[in-house]
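Please read the structure below before turning to the comments.
Bear in mind these aren't lab numbers, they're just calculated from the coordinates by the rules spelled out. Keep in mind that this is a model prediction, so the values were computed, not measured.
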Amino acid sequence: MPAVRHVHALSVRFNMRSNFVSLHPYFKVHPGKLEEVRSAFPQFVEKTATEKNNLFYGFSINGDEVCCREGYESAEGVLVHLENVGALFTEMLTMADLTRIELHGPAEELQKLKGPLAHLNPAWFTLEATLPD
């Protein structure tokens, strides 16, 4: 199974558009809750695997900090994802605090997210230079 995931990741990498939207939420895990947070990762991954606009998705850990690295073909993909994992996200917030959330992408895609995601107070990173598609 890991070999299949690796091959899939490579195929996505070589076919990925450079103007995708990426979402990077950062969490500070409550004391004693790291293993419980880790145990939720497969549920997030399973739900996200059903999303057609997802390009990549994974969790990284640094001590008691967790980051979810995720990419979508468009702003619509981000919104679909957030709706899809909404209940899991709410549960995550009982075990960890959302300390920062970043969105990276083309200005026209980020603009579509500014209203719907304003309540999260994200940092907006506008794509300025990239490799050609």
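Structure above, values below:
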{"item": "Span-rule helices in the chain, defined as complete DSSP H runs reaching 15 Å or more along the axis (Cα) with Kyte mean at least 0.0", "result": "2-15"}
{"item": "Gyration tensor verdict on the chain (Cα atoms; rounded if a/c is under 1.5, prolate if a/b is larger than b/c, oblate otherwise)", "result": "oblate"}
{"item": "Extension gain from SER60 to LEU93, taking 0.36 nm per residue of separation minus the Cα-Cα distance", "result": "10.2 nm"}
{"item": "Compactness of the range 13-63, expressed as Rg and Dmax over alpha-carbon positions, Å", "result": "13.6, 40"}
{"item": "Mean separation of Cα contacts under 8 Å, 6 or more apart, over the residue count of the chain: relative contact order %", "result": "33"}
{"item": "Length released on extending from LYS112 to ALA49, taking residue separation times 0.36 nm less the Cα-Cα span", "result": "20.3 nm"}
